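Single-structure report; data block below.
The values are calculated or read from the model by the stated rules, or taken from the named source; none is laboratory data. Please read all numbers here as calculations on a predicted model, not as lab measurements. Please note: Cβ atoms are built from the backbone with ideal geometry, for glycine as well, and neighbour counts cover all protein chains shown. SASA here: full protein model, heavy atoms, side chains in, ligands and nucleic acids out. Shrake-Rupley method; radii C 1.70, N 1.55, O 1.52, S 1.80 Å.
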Amino acid sequence: DSGVTQTPKHLITATGQRVTLRCSPRSGDLSVYWYQQSLDQGLQFLIQYYNGEERAKGNILERFSAQQFPDLHSELNLSSLELGDSALYFCASSVSGQVNYEQYFGPGTRLTVT
Amino acid sequence: EDQVTQSPEALRLQEGESSSLNCSYTVSGLRGLFWYRQDPGKGPEFLFTLYSAGEEKEKERLKATLTKKESFLHITAPKPEDSATYLCAVQAGSGNTGKLIFGQGTTLQVKP
């Protein structure tokens, strides 16, 4: 158990809908990262927050947004869902927002868009 | 563009048959190289961090090494419970971010 929690574990929804994925980092970690894992693309970095502020963005679609709250939990919002958004979404956390610190991953949320 | 390539894509070993997994990288300024283990449907589990060429780290039957262009994960006398996908990732560049760039992984199957 990494100490990172994610809810829900599974999510099935229809195209065009909006969903929210939730992540609670390990105790003491200030940085949260979101990654998407699909069969053809592997693990892809989406976005990073550090102590409530956006730190870095990857290839995150404009239909996706995220935020980190004062209690350090984070939410990833996915809207206007398409079939291609079906994937595993992982949250990871680290002590610092900078390089050289290992990231600990949560169990993931499996999103299926039908 | 920063890139991480892992080989082979899949590896089948008999229990006790040692081997190595390769991770080659092309990045602008390596800050750290990370190895993770991922079981099906689960989140990646942190194994090692390597920072500079020549560095080595060990954990049970696993040993990770780093050169200027690649990293190896050596598996000595593997057991069936070592079966998993092994992911390599890098942190690179001078930016103030810890984002990881992952390779596609090597799926290891160890048969009893």
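Some points to look at:
- Condition check for A:L76: among the aliphatic types (A, V, I, L, M) and open to solvent by less than 10 Å² (accessible area, probe 1.4 Å): yes
- Residue within the stretch A:95-114 that is part of a strand (DSSP E or B), touching a Phe, Trp or Tyr at 6+ places or on another chain (Cβ under 9 Å) and either on the phi > 0 side of the Ramachandran plot or open to solvent by 40 Å² or more (accessible area, probe 1.4 Å) (or both) present: yes
- Within the stretch A:52-69, being in a strand (DSSP E or B) and within 11 Å of chain B (Cβ to nearest Cβ) holds for A:E54, A:R55, A:A56, A:K57.
- Residue list for the stretch A:48-68, restricted to those being over 25 Å from B:E9 (Cα atoms) and open to solvent by 60 Å² or more (accessible area, probe 1.4 Å): A:Y50, A:N51, A:E53, A:E54, A:R55, A:K57, A:L61, A:E62, A:Q67
- Contact map, the stretch B:69-85: first residue in contact (Cβ under 8 Å) with a residue 12 or more places away in the chain, second residue among the polar types (S, T, N, Q) and part of a loop (DSSP other than H, G, I, E, B), Cβ cut-off under 9 Å, separation 6 or more or different chains; pairs are B:H74/B:S18; B:I75/B:S18; B:T76/B:S18; B:A77/B:S18; B:P78/B:S18.
- Strands (runs of 3 or more DSSP E) wholly inside the stretch B:6-112 containing at least 2 residues that are closer than 20 Å to A:Q41 by Cα, of a type in the set (F, W, Y) and open to solvent by less than 50 Å² (accessible area, probe 1.4 Å): B:30-38
- Tally of residues being of a type in the set (S, T, Y), open to solvent by 30 Å² or more (accessible area, probe 1.4 Å) and not in a loop (DSSP other than H, G, I, E, B) across the stretch A:1-47: 4
- Of all residues in the stretch A:39-51, those that are facing chain B (nearest Cβ under 7 Å) have Cβ atoms under 8 Å from Cβ atoms of residues that are basic (K, R) and assigned to a strand (DSSP E or B), 6 or more apart or on another chain, in A:Q48/A:R55; A:Q48/A:K57.
- Long-range neighbours under 9 Å by Cβ, at least six apart or interchain, first residue under 15 Å from A:V4 (Cα atoms) within the stretch A:70-82, second assigned to a loop (DSSP other than H, G, I, E, B) and of a type in the set (D, E, K, R): A:L72/A:D29
- B:R61 being touching a helix residue (DSSP H, G or I) at 6+ places or on another chain (Cβ under 8 Å) and of a type outside the set (D, E): yes
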